[in-house]
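Here the structure comes first, spelled out in structure tokens, and everything after it is commentary.
The values are calculated or read from the model by the stated rules, or taken from the named source; none is laboratory data. If you're wondering where the values come from, they're calculated on a predicted model, not measured in any experiment. Note that we place each Cβ from the backbone using ideal geometry, even for glycine, and neighbour counts take in every protein chain shown. Surface areas here come from the heavy atoms of the whole protein model, side chains and all, with no ligands, DNA or RNA. Shrake-Rupley method; radii C 1.70, N 1.55, O 1.52, S 1.80 Å.
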Amino acid sequence: MADDRQGGGLNEGPFDCRLVSSGGALTREQFLLPETRIIARLRLDDSLGDGEIVSRVCAENLFQYPTSRMLANRARVCLRRLDTLADDALVWLVAHGTPDQMRQANLYAMMRSYRLMWDFMVGVVGEHYRTLDLRLTRADITRFIGQWCASDEKASRWAESTRRRIGGTLLNALMTCGYLDSPRGGELRPVLIDGEVEQGILRNCDGAVLVAFASAAAGVAR
């Protein structure tokens, strides 16, 4: 493969491939919603640099983890996700937006951070919305991960336990953002994209991802 942007090869996007992971890190990095909000507020409200943010998170255990072992790593993950948004207004929504704005902006940041998440949301979830086939099961997710592993050299070496954890992370993201109400899968709910999140996505020339949001009739037209 020339770079991570090729990933599973299901969908192309204009974002900076230098910021993109193929997806294996999802097993340990997860959705990190409250952590990312804390980091966004430190960056915007306190005007701290990245090093200062990491130091403060560790010194004060701002994530309230039972041990300090993962604090610096998770803080850096959140900083990278905010960087991928490439839009101060979207970062503000993570820091101070409504719960839906925060969740949707964070999901979009994950899509820009992990090629696997981008391809899953656009190529699987978006395709289900586009075709009005609203039934999404664990089998659909397992099938997607299998296809990904078959077309990605690094992913082809993932252990079965890694594939299961990634599947669990994808399901958790869908549940957190209101797409599903069960870890077993089920019928996709209509998830109305927030207008400010949508505008931020369009400013990044990422209109293709709007198909992954339930009001994606407008996204498909774009």
- Note on the structure: If we ask which residues in region 140-174 are under 20 Å from V211 (Cβ atoms) and open to solvent by 20 Å² or more (accessible area, probe 1.4 Å), their number turns out to be 3
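Would you point out which residue out of V197, V122 is open to solvent by 10 Å² or more (accessible area, probe 1.4 Å), within 18 Å of Y108 (Cα to Cα) and not charged (D, E, K, R)? So that I can check it myself, show each step before the final result.
Working: V197 fails: open to solvent by 10 Å² or more (accessible area, probe 1.4 Å).
Exactly one of V197, V122 is open to solvent by 10 Å² or more (accessible area, probe 1.4 Å), within 18 Å of Y108 (Cα to Cα) and not charged (D, E, K, R), namely V122.
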- Task: Can you tell me which residue within region 8-53, out of those that are hydroxyl-bearing (S, T, Y) and either at pLDDT below 95 or over 16 Å from the mean Cα position of the chain (by Cα) (or both), is farthest from A72 (Cα to Cα)?
- Result: S22
- Query: Is there a residue in region 109-119 that is open to solvent by 50 Å² or more (accessible area, probe 1.4 Å) and of a type outside the set (D, E)?
  - Reply: no
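Yes or no: R135 closer than 20 Å to V211 by Cα and open to solvent by 20 Å² or more (accessible area, probe 1.4 Å)?
yes
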- Item | Number of positions in region 147-172 that are touching a Leu at 6+ places or on another chain (Cβ under 6 Å) and among the aliphatic types (A, V, I, L, M) | 1
- Query: Of all residues in region 54-72, which are part of a helix (DSSP H, G or I) and of a type in the set (K, R)?
  - Reply: R56
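Can you tell me how many residues in region 25-53 are assigned to a helix (DSSP H, G or I) and more than 26 Å from I166 (Cβ to Cβ)? Outline the logic, then answer.
The initial filter retains those residues of region 25-53 that are assigned to a helix (DSSP H, G or I), namely 26-29, 33-44, 50-53.
Keeping just the survivors that are more than 26 Å from I166 (Cβ to Cβ) gives 41-44, 50-53.
Total satisfying the criteria: 8.
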- Query: For region 92-114, which residues satisfy the criterion of being of a type in the set (S, T, Y) and not in a helix (DSSP H, G or I)?
  - Reply: T98, Y114
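Keeping to region 160-210, report how many residues are closer than 19 Å to T137 by Cα, assigned to a helix (DSSP H, G or I) and either among the charged types (D, E, K, R) or in contact (Cβ under 8 Å) with a residue 24 or more places away in the chain (or both). Explain how you work it out, then say what you get.
From region 160-210, those closer than 19 Å to T137 by Cα are 160-191; that's our starting set.
When the remaining residues are screened for being assigned to a helix (DSSP H, G or I), the result is 160-176.
The next check asks that each one be either among the charged types (D, E, K, R) or in contact (Cβ under 8 Å) with a residue 24 or more places away in the chain (or both); those that pass are 160, 162-167, 169-174, 176.
Looking only at that region, the number is 14.
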- Task: Tell me which residues, restricted to region 28-70, are touching a residue at least 12 places away in the same chain (Cβ under 8 Å) and more than 24 Å from P99 (Cα to Cα).
- Result: D50, V54, R56, C58
- Scanning region 208-222 for residues that are at pLDDT 90 or above and surrounded by fewer than 17 Cβ atoms within 10 Å (Cβ to Cβ) gives none
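Being open to solvent by less than 20 Å² (accessible area, probe 1.4 Å) and either modelled with pLDDT of 95 or more or part of a loop (DSSP other than H, G, I, E, B) (or both) is true for just one of A75, A89. Which residue is that?
A75
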